[in-house]
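> Dumping the structure here so I can ask a few things about it.
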2 protein chains.
Amino acid sequence: MRTKIRELFVKTADYASKEVTVCAWVRTNRAQSQFGFLNINDGSFFENLQVVYEQNLDNFDNISKIGVGASVKVVGTLVLTPENKQPFEIKASGVELLGDCPEDYPIQPKRHTREYLRTVAHLRPRTNLFSAVFRVRSVAAMAIHSYFQERGYLYVHTPLITCADCEGSDQMFKITTLNMNNLPLTDDGKVDFNKDLFGKQAFITGSGQLQGETFAMAFGDIYTFGPTFRTENSNTQTHANEFWMIEPEMAFCDLEGLMDIEEEMLKYVVKYVCEKCPEEIDFCDKFVSKGLKDKLNDIVNAKFTRIKHHDVIDILKKADVKWEFDPDYGEDIAKEHEKYIVEYFHGPVFVTDWPKDIKAYYMKVNPDNKTVAAVDLLVPQAGELMGGSQREENLDKLIERMDEMGVDKEGIDWYLDTRRYGGCVHSGFGMGFERLIMYLTGVENIRDVIPYPRTPRSCDF
Amino acid sequence: MRTKIRELFVKTADYASKEVTVCAWVRTNRAQSQFGFLNINDGSFFENLQVVYEQNLDNFDNISKIGVGASVKVVGTLVLTPENKQPFEIKASGVELLGDCPEDYPIQPKRHTREYLRTVAHLRPRTNLFSAVFRVRSVAAMAIHSYFQERGYLYVHTPLITCADCEGSDQMFKITTLNMNNLPLTDDGKVDFNKDLFGKQAFITGSGQLQGETFAMAFGDIYTFGPTFRTENSNTQTHANEFWMIEPEMAFCDLEGLMDIEEEMLKYVVKYVCEKCPEEIDFCDKFVSKGLKDKLNDIVNAKFTRIKHHDVIDILKKADVKWEFDPDYGEDIAKEHEKYIVEYFHGPVFVTDWPKDIKAYYMKVNPDNKTVAAVDLLVPQAGELMGGSQREENLDKLIERMDEMGVDKEGIDWYLDTRRYGGCVHSGFGMGFERLIMYLTGVENIRDVIPYPRTPRSCDF
């Protein structure tokens, strides 16, 4: 029976002087003439386990030659070493090579650039950086589920395949089962989607919000957490064509209530990850983004500022800064403005009441008829982390807004039913999961927080 | 401050004789001349809350006319009613109509067929059945995350978009950003996918297993949980074109270890759901599948049988049954056989060591060179719930199998690297999440356990 390395680190005292069996991969092998050290990792824990092997072992010479990356089975006694850097090590009574690793192994115990590691994305989880990042990603996902489930939210799997064109099909991938080299055509020479699997043109969606709202009208509080797709042909540090998103939607909840939830959830997730991944966060603090731990601690204790978009523009206009983009009451705020505002308030800032013309049709129009009850959450270093709004619950006003903004109502009459049948004040937000992971780890490129990133002209593995 | 109905049911004593505010939807309204009863539900709890309103309220007449489906705000005192069927009710001091619901509301307080309810999939969560099913779905998802995360598994988001054709592109949806009515062509008249977003033809995938294996070689134990797509043009009760799947993969784990995990996980999930959703399971036991609770209790305490495929065929051949499909040592086993076998063993059965010719290339060939170390888990009433195998960890043998089975190695050299660099014994399985929900609720049609099902010629909402 093998023991996981995490177990040895967490319950060291229980295993002191006992024989254990560990299966793991070799990170380093420092062989000397009389003895040697293997540093091994089985993926259960961030830190490596040190194994000492000595000349008295039958296969000492072979052990000395085991290469980095090989998988091994080690049997030995756990010895406490309080005088050393490691609190304990394994004194091996046997080391068996399970799977060899040749010398051309692309992951060597030296510094590789992140650009290089993207080319071996299937091997990079074996490095410290990606071991930390993907552990944080996994634990943060659990934190999100825990937060919502503890509070009785329903996790709803909204569909990814959609035939409703309401988001603007330009931004969605088309999907088909037809032979693209021999498409069936209608009499007028267009593609005959009636012959496709769903009998009409289908897409993969960029949001589950509309379907989420229908479930909020039954379960009260719901959230989605799933993959999302955008066709954007944009090669930046923050864009990917496939990413994961969380979209909670709450009935009987207004904009203030929405901000309460966003603030509470973010603090919960940050705290959860810091508690469950101390080694990973330490590593990122040291080697990825100095000051990360302080930043995360600060946010847990911060009171988030709430301020209207109009007042933000006032502050920006008064600021003694030469802006690349001039702040404007009717416009979005640029990255440089976001940065200034979070520094101005020394912490996270909710910017509310945005000009209606630059926001979506489903957001509730304020009594001023100029702004909508929308909110973006800006956080230090990461900019916009969440975007949400109170929804327009009045059917007539919603239709008016759809007409004003040229939104096609065909195919989403079911969505309007949420306002026809027992509609109520409700609100929701979206959070890009990768943005959160970048924030939690300090990693600056979205390609380095997604296991296998998909970006324009890049879809390998 | 409103109180959720779940809170009132769970902590009734704390609220006795206190004033509470509840926002919810009307399920029934029985008005009499002097008083009336509203049954309301806010989605936080399966049971309805009973509200009594009396003639002394200013708007008594208006309250009497509130229709089914409307949203209301109720203020009142919680009164214990131990003599009644309901343990408590709310004596209203005020009832406010929030969102009206006209009489053409498609969900009336009567029995609707499931076929009809599929046509109003956006409203069906407001019925008892779908309230139960989708709550179970949400809680079961959490159970799966909890099981794996408590044991240190890494949750990995394997990509959905893929350009590797290895699964057979016939079974995958093609995706494109090109204008399908005006496709760019190469000189030889084929679609010029170089002009597509990824610079080559792309698909959405039916499995994350291969990428999952690469992460298991770094983190030891991993699992995926995400949507999956199949283009199958099949209109049965158990097929959908979009569904969710869980795919765990464990390093240093053989077939016996794999079965231990499958058995433990299933028991954990069943127990978790029964504990968290007693009202929902009761409802399904009464109105969906009589004996459901016994079935679920039995499985938690059952010892799962483990038997080789060859021995199963022996039993089937000896059985005094006239089969529609003759049992055959070289063939898959049919639904009727599965049913017989789980009844024969009075519980769940692991069928192992399948003929290699009917299984996938990546499964480990047994020393007999005829069978592979694969396992299907059969459970009473639901048939095959999980399918898994020990993987072929030997590079040469894996390549030999790929060649034998005509699997294209192009584009998946990265997968072969898992066997080149520190490969080890490892195993994994897949479980269709909808199959699990059908098993947990007794619901027989996959369309009724998916919020918005996608099946051939059906992609509405």
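> Is one or more of the residues making up the range B:116-136 surrounded by 15 or more Cβ atoms within 10 Å (Cβ to Cβ), more than 14 Å from chain A (Cβ to nearest Cβ) and either of a type in the set (S, T, N, Q) or part of a helix (DSSP H, G or I) (or both)?
no
> For the range A:392-419, name all the residues that are surrounded by 18 or more Cβ atoms within 10 Å (Cβ to Cβ) and under 20 Å from B:LEU98 (Cβ atoms).
A:GLU392, A:GLU393, A:LEU398, A:TYR415, A:ASP417, A:THR418, A:ARG419, listed by residue number.
> Sticking with this structure for a sec: Quick check: is even one residue across the range A:252-268 open to solvent by 10 Å² or more (accessible area, probe 1.4 Å), in contact (Cβ under 8 Å) with a residue 12 or more places away in the chain, under 20 Å from A:TYR362 (Cα atoms) and under 16 Å from the mean Cα position of the chain (by Cα)?
The answer is no, given that none of the residues of the range A:252-268 is open to solvent by 10 Å² or more (accessible area, probe 1.4 Å), in contact (Cβ under 8 Å) with a residue 12 or more places away in the chain, under 20 Å from A:TYR362 (Cα atoms) and under 16 Å from the mean Cα position of the chain (by Cα).
> A further question follows. What are the pairs with Cβ atoms under 7 angstrom where one residue, in the range A:28-43, is open to solvent by 30 Å² or more (accessible area, probe 1.4 Å) and the other, located anywhere, is outside any strand (DSSP E or B)? Sequence gap at least six, or different chains.
Every condition considered, the pairs that remain are A:THR28/A:VAL68; A:THR28/A:PRO109; A:ASN29/A:ILE66; A:ASN29/A:VAL68; A:ALA31/A:SER64; A:GLN34/A:GLN55; A:PHE35/A:GLN55.
> May I pose another question? Considering the range A:186-200 alone, what residues qualify as being farther than 23 Å from B:GLU242 by Cα and more than 9 Å from chain B (Cβ to nearest Cβ)?
Step one: list which residues in the range A:186-200 are farther than 23 Å from B:GLU242 by Cα, which gives A:186-191.
Scanning the range A:186-200 gives A:THR186, A:ASP187, A:ASP188.
> When you scan the range A:164-173, do you find a residue that is of a type in the set (Ser, Thr, Tyr) and either without any contact (Cβ under 8 Å) to a residue 12 or more places away in the chain or within 8 Å of chain B (Cβ to nearest Cβ) (or both), even just one?
Of the residues in the range A:164-173, the ones of a type in the set (Ser, Thr, Tyr) are A:169.
Now drop any that are not either without any contact (Cβ under 8 Å) to a residue 12 or more places away in the chain or within 8 Å of chain B (Cβ to nearest Cβ) (or both), which leaves none.
No, the conditions are met nowhere in the range A:164-173.
> Residues in the range B:140-163: is at least one more than 18 Å from B:ILE222 (Cα to Cα), within 10 Å of another protein chain (Cβ to nearest Cβ) and in contact with a helix residue (DSSP H, G or I) (Cβ under 6 Å, 6 or more places away or on another chain)?
In the first step, residues of the range B:140-163 are kept if they are more than 18 Å from B:ILE222 (Cα to Cα); the result is B:140, B:161-163.
Narrowing further to those that are within 10 Å of another protein chain (Cβ to nearest Cβ): B:140, B:161-163.
Within this subset, residues satisfying the condition of being in contact with a helix residue (DSSP H, G or I) (Cβ under 6 Å, 6 or more places away or on another chain) are B:140.
Looking through the range B:140-163, at least one residue is more than 18 Å from B:ILE222 (Cα to Cα), within 10 Å of another protein chain (Cβ to nearest Cβ) and in contact with a helix residue (DSSP H, G or I) (Cβ under 6 Å, 6 or more places away or on another chain).
> Quick one: A:ALA302 ticks every box in (1) of a type in the set (Gly, Ala, Ser); (2) away from chain B (no Cβ under 11 Å); (3) free of Cβ contacts under 8 Å to residues at least 40 places away in the same chain except a single one, so which number is it?
All conditions pass for A:ALA302, except number (3).
> Of everything in the range B:377-423, what is in contact with a Cys (Cβ under 7 Å, 6 or more places away or on another chain) and either within 14 Å of another protein chain (Cβ to nearest Cβ) or not hydrophobic (A, V, I, L, M, F, W, C) (or both)? Give them in sequence order. It would help to see each step written out before you state the result.
Within the range B:377-423, the subset in contact with a Cys (Cβ under 7 Å, 6 or more places away or on another chain) is B:393, B:407-408, B:411-412, B:421-422.
Once the filter is applied, which keeps residues that are in contact with a Cys (Cβ under 7 Å, 6 or more places away or on another chain) and either within 14 Å of another protein chain (Cβ to nearest Cβ) or not hydrophobic (A, V, I, L, M, F, W, C) (or both), the range B:377-423 yields B:GLU393, B:ASP408, B:GLY411, B:ILE412, B:TYR421, B:GLY422.
> Do you know which residues across the range A:434-449 are open to solvent by 10 Å² or more (accessible area, probe 1.4 Å) and facing another protein chain (nearest Cβ under 10 Å)?
none
> Residues that are open to solvent by 20 Å² or more (accessible area, probe 1.4 Å) and within 12 Å of chain B (Cβ to nearest Cβ): does the range A:425-433 have at least one?
Yes - at least one qualifying residue is present in the range A:425-433.
> Okay, moving on. Let me spell it out: the conditions are (1) of a type outside the set (A, V, I, L, M, F, W, C); (2) assigned to a helix (DSSP H, G or I); (3) surrounded by fewer than 18 Cβ atoms within 10 Å (Cβ to Cβ), and B:PRO102 meets all of them except one. Which number is the exception?
Here B:PRO102 clears every test but (2).
> Step by step: first the residues of the range A:28-40, then only those that are touching a Ser or Thr at 6+ places or on another chain (Cβ under 8 Å) and within 22 Å of B:GLY220 (Cβ to Cβ), then the one that is farthest from the other protein chains (Cβ to nearest Cβ). Which residue is that?
Going residue by residue through the range A:28-40, those that are touching a Ser or Thr at 6+ places or on another chain (Cβ under 8 Å) are A:29, A:31, A:36-39.
Pick out the ones that are also within 22 Å of B:GLY220 (Cβ to Cβ) and you get A:29, A:37-39.
Values: A:ASN29: 12, A:PHE37: 18, A:LEU38: 13, A:ASN39: 14 Å.
Among residues in the range A:28-40 that are touching a Ser or Thr at 6+ places or on another chain (Cβ under 8 Å) and within 22 Å of B:GLY220 (Cβ to Cβ), the one farthest from the other protein chains (Cβ to nearest Cβ) is A:PHE37.
> Okay, next question. Which residue out of B:LEU266, B:LEU258 is on the phi < 0 side of the Ramachandran plot, away from chain A (no Cβ under 13 Å) and in contact with a strand residue (DSSP E or B) (Cβ under 6 Å, 6 or more places away or on another chain)?
Numbers: B:LEU266 fails: in contact with a strand residue (DSSP E or B) (Cβ under 6 Å, 6 or more places away or on another chain).
B:LEU258 is the lone residue from the list that is on the phi < 0 side of the Ramachandran plot, away from chain A (no Cβ under 13 Å) and in contact with a strand residue (DSSP E or B) (Cβ under 6 Å, 6 or more places away or on another chain).
> Give the residues of the range B:9-27 that are open to solvent by 40 Å² or more (accessible area, probe 1.4 Å) and either in contact (Cβ under 8 Å) with a residue 40 or more places away in the chain or within 14 Å of chain A (Cβ to nearest Cβ) (or both), sorted by residue number. Step through it out loud before you land on a result.
At the first step, the residues of the range B:9-27 found to be open to solvent by 40 Å² or more (accessible area, probe 1.4 Å) are B:9-11, B:13-15, B:17-19, B:27.
Hits for the range B:9-27 are B:PHE9, B:VAL10, B:LYS11, B:TYR15, B:SER17, B:LYS18, B:GLU19, B:ARG27.
> Sticking with this structure for a sec: If you take the residues of the range A:311-337 that are part of a helix (DSSP H, G or I) and under 18 Å from A:MET386 (Cα atoms), which of them is most open to solvent (accessible area, probe 1.4 Å)? Walk me through how you get there before you give the answer.
From the range A:311-337, those part of a helix (DSSP H, G or I) are A:311-318, A:335-337; that's our starting set.
After this cut, where a residue has to be under 18 Å from A:MET386 (Cα atoms) as well, the list is A:312, A:335-337.
Values: A:VAL312: 0, A:LYS335: 133, A:GLU336: 51, A:HIS337: 3 Å².
The selected residue is A:LYS335.
The values are calculated or read from the model by the stated rules, or taken from the named source; none is laboratory data. Being a predicted model, the structure only gives us computed values, none of them experimental. Glycine gets a Cβ as well: all are built from the backbone with ideal geometry, and neighbour counts include every protein chain shown. These area figures cover heavy atoms from the full protein model, side chains too; ligands, DNA and RNA do not enter into them. Shrake-Rupley method; radii C 1.70, N 1.55, O 1.52, S 1.80 Å.
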